[in-house]
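Below: one structure in structure tokens.
The values are calculated or read from the model by the stated rules, or taken from the named source; none is laboratory data. Just so it is clear, the model here is predicted, and its values are computed rather than measured. With ideal geometry, Cβ positions are generated from the backbone for all residues, glycine too; neighbour counts draw on all protein chains shown.
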Amino acid sequence: MINKDIVIIGGGPAGLAAAIGAYEAGNKNIVILERDNLLGGILNQCIHNGFGLHTFKEELTGPEYSARYVKKIKDLNIETKLETMVIDISNELIVSAISENEGMVQYQAKAVILTMGCRERPRGALSIPGYRPSGIFSAGTAQRFVNIEGYMPGKSVVILGSGDIGLIMARRMTLEGADVKMVVEIMPYSGGLKRNIVQCLDDFSIPLKLSHTVTKIHGSTRVSGVTIAKVDDLRNPIKGTEEYVECDTLLLSVGLIPENELSRKVGVIINPKTQGPIVSESLETSIKGIFAAGNVLHVHDLVDHVSSEAYLAGKNAVKYINGLLEELKMIDILASDGVRYTVPSTLNVNNVEDLTQIRFRSSDVYKDAYVSVYFDEERILHSKKRILTPGEMETVTILKKWLIERPNLKTITVKIEKE
Amino acid sequence: MPTKELTCINCPMGCLLSVEFDETGIKKVTGNQCKRGELYAAKEVITPKRIVTSIVPVLNGVEDMVSVKTAIDIPKELIKQCVIELKNIKVEAPVEIGQVILENVCGTNVCVIATKSVERKK
């Protein structure tokens, strides 16, 4: 058994930032466990630019953004173990990992930070009729084939789902010579960033079919085409609107799911809305000493937010080890009226420094609406938003002085109001 | 006067902008709800530019491909040609992040540079 103050599970953007956060808070006894053979996680295959506008005030590609963090980890001499897969976390914070080089290794941690990221929803989650031909890929898998391995997964492509990865792959496949026929989106709006709609679809005249879905996949050995149809308000296909589209490849960009097998196994309570752990203002899960940040906690749209959140988790893990995190005086944070979820779910005033941030997503598109924060019955924040969409994460900032002024506060509610 | 329709990318509103312009420049922007739309329209109609990212094969590297980008944005109409020029390039490992992979891509005077490092295979 190896003693480590902080064990970080996953060496993607969240894990790297968490390690730096912990180090800068004064604890250098850290190890990052990463199952891949390199650090940086999904950023390695995100070769497009647009990362780091918040963190570095410049526009970087994924590998460049990752390289800056990896360099810092190396400069700080933070220990990292590659090709090391964590298989278990115990209630006593014993982390068991396996690797080809070292076999089974166990770490006794004082704090564990979960930064395992997320994975893509697969075809099986969609129940689209048809055989099981080759040519169906999740968009991220296709991205890996094209950008890391240098293989093209197909020649004529339909993309289901207009999340950012789907949009990015529409452009990428086009540039590599594929004929991207269309992007099909079941919702009446895209789940992706506006910038990606313009620069990945409009720039290449790729049609975006909103309120449409794929109702059948044709082909038995290889995809030969798909049937698409318009959907009604309840997202059911409308009879008579079916259209056959010839293609040899179907990419699925239909959502990401935080990867919480390890968290569930140790008994961390999961929020059914985010599929990530329920956490406090300090990003501590329902189990003392286990923290979570990044896409394992809730799926982010910007890596910059992953980094800042994970940095905070690292810092708080050190506070916890030093006995400076309090458990008492919990305030519940509720999502209501058009707010799908909030992170965190609870708040302890004494753990807040000057301010704390609540991140949330709306459950629908709202125009000219207000984001309101209630302290029990009292409305404390009321800010007008031109637009709120589920595709863009929102933040509200709560000042500590507001909390101190109301010592009997029980519940903070975040909601969307028409006026 | 020629008119161009485009979607503003500055925020999720995605205002549908209508831009009137002639040889001397932008005459009128409508459809925007804030100042940023006007600035975006001006740049996007007169000189639309993009950073182009792609990959090129690495010889004797621990990875088969290295990701690359144009060091600065290049005219939008050259995106495809840029990617085609990169098709003829192979680079010998080791590759350092920031290393010039191709000079003067499409006659733009802009370099294509590596966006990751790839070590040489031992």
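In the stretch A:381-392, is there at least one residue being closer than 20 Å to A:Glu327 by Cβ and assigned to a strand (DSSP E or B)?
Among the residues of the stretch A:381-392, not one is closer than 20 Å to A:Glu327 by Cβ and assigned to a strand (DSSP E or B), which makes the answer no.
If you scan the stretch A:217-269, which residues turn out to be assigned to a strand (DSSP E or B), within 21 Å of A:Ala142 (Cβ to Cβ) and under 30 Å from the mean Cα position of the chain (by Cα)?
Matches in the stretch A:217-269: A:Ile217, A:Val226, A:Ile228, A:Thr249, A:Leu250, A:Leu251, A:Leu252, A:Leu256, A:Ile257.
Could you look through the stretch B:1-30, keep only residues that are polar (S, T, N, Q), more than 14 Å from every other protein chain (Cβ to nearest Cβ) and surrounded by 13 or more Cβ atoms within 10 Å (Cβ to Cβ), and pick out the one that is farthest from B:Lys76 (Cα to Cα)?
Within the stretch B:1-30, the subset polar (S, T, N, Q) is B:3, B:7, B:10, B:18, B:24, B:30.
Of the ones still in play, those that are also more than 14 Å from every other protein chain (Cβ to nearest Cβ) are B:3, B:18, B:24, B:30.
From the residues that got through so far, the ones that are surrounded by 13 or more Cβ atoms within 10 Å (Cβ to Cβ) too are B:18, B:30.
Values: B:Ser18: 19, B:Thr30: 23 Å.
For the stretch B:1-30, the residue satisfying everything is B:Thr30.
Take the residues in the stretch A:363-394 that are under 19 Å from A:Arg195 (Cβ atoms) and of a type outside the set (D, E, K, R); name whichever of them is modelled with the lowest pLDDT.
Checking each candidate, the answer is A:Gly391.
If you don't mind, there's one more thing I want to ask. Can you say whether B:Gln33 is within 14 Å of chain A (Cβ to nearest Cβ), surrounded by fewer than 18 Cβ atoms within 10 Å (Cβ to Cβ) and more than 23 Å from A:Met152 (Cβ to Cβ), as far as the supplied structure shows?
Values: within 14 Å of chain A (Cβ to nearest Cβ): yes; surrounded by fewer than 18 Cβ atoms within 10 Å (Cβ to Cβ): yes; more than 23 Å from A:Met152 (Cβ to Cβ): yes.
Here the answer is yes, as B:Gln33 does meet what is asked.
If the requirement is being surrounded by 18 or more Cβ atoms within 10 Å (Cβ to Cβ), closer than 18 Å to A:Ala170 by Cβ and touching a residue at least 40 places away in the same chain (Cβ under 8 Å), which of these qualifies: A:Leu201, A:Leu250?
Working: A:Leu201 fails: touching a residue at least 40 places away in the same chain (Cβ under 8 Å).
Exactly one residue qualifies, and that residue is A:Leu250.
Identify all residues within the stretch A:20-49 that are more than 19 Å from A:Gln106 (Cα to Cα), in contact with a Ser or Thr (Cβ under 8 Å, 6 or more places away or on another chain) and not in a loop (DSSP other than H, G, I, E, B); write none if there are none.
Hits for the stretch A:20-49 are A:Gly41, A:Leu43, A:Asn44, A:Asn49.
Scan the stretch B:73-92 for residues that are closer than 14 Å to B:Val105 by Cα and either in contact with a strand residue (DSSP E or B) (Cβ under 8 Å, 6 or more places away or on another chain) or assigned to a strand (DSSP E or B) (or both) and jot them down.
Step one: filter the stretch B:73-92 for residues closer than 14 Å to B:Val105 by Cα, giving B:73-89.
The answer is B:Asp73, B:Ile74, B:Pro75, B:Lys76, B:Ile79, B:Cys82, B:Val83, B:Glu85, B:Leu86, B:Ile89.
Checking the conditions here, which among A:Tyr341, A:Tyr366 is among the aromatic types (Phe, Trp, Tyr), touching a Lys or Arg at 6+ places or on another chain (Cβ under 8 Å) and under 11 Å from A:Val414 (Cβ atoms)?
Numbers: A:Tyr366 fails: under 11 Å from A:Val414 (Cβ atoms).
Testing whether each residue is among the aromatic types (Phe, Trp, Tyr), touching a Lys or Arg at 6+ places or on another chain (Cβ under 8 Å) and under 11 Å from A:Val414 (Cβ atoms) leaves just A:Tyr341.
To keep it simple, each residue is scored yes or no on (1) over 30 Å from B:Leu6 (Cα atoms); (2) buried (at least 17 other Cβ atoms within 10 Å of the Cβ); (3) at the interface with another protein chain (Cβ under 9 Å from one of its Cβ atoms).
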{"position": "B:Val45", "(1), (2), (3)": "no, yes, no"}
{"position": "B:Pro48", "(1), (2), (3)": "no, no, yes"}
{"position": "B:Ile51", "(1), (2), (3)": "no, yes, yes"}
{"position": "B:Ser54", "(1), (2), (3)": "no, yes, yes"}
{"position": "B:Val58", "(1), (2), (3)": "yes, yes, no"}
{"position": "B:Glu63", "(1), (2), (3)": "yes, yes, yes"}
{"position": "B:Thr70", "(1), (2), (3)": "no, yes, no"}
{"position": "B:Ile74", "(1), (2), (3)": "no, yes, no"}
{"position": "B:Ile79", "(1), (2), (3)": "no, yes, yes"}
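Looking only at residues in the stretch B:93-109 that are within 14 Å of chain A (Cβ to nearest Cβ) and in a loop (DSSP other than H, G, I, E, B), which one is surrounded by the most Cβ atoms within 10 Å (Cβ to Cβ)?
Across the stretch B:93-109, the extreme among qualifying residues is B:Ile97.
Looking at the stretch A:176-189, is at least one residue facing another protein chain (nearest Cβ under 10 Å), among the hydroxyl-bearing types (Ser, Thr, Tyr) and over 16 Å from A:Val158 (Cα atoms)?
Of all residues in the stretch A:176-189, those facing another protein chain (nearest Cβ under 10 Å) come to A:176-177, A:189.
Now restrict to residues that are among the hydroxyl-bearing types (Ser, Thr, Tyr): A:189.
With over 16 Å from A:Val158 (Cα atoms) added as a condition, the list becomes A:189.
Looking for residues that are facing another protein chain (nearest Cβ under 10 Å), among the hydroxyl-bearing types (Ser, Thr, Tyr) and over 16 Å from A:Val158 (Cα atoms), one finds at least one in the stretch A:176-189, hence yes.
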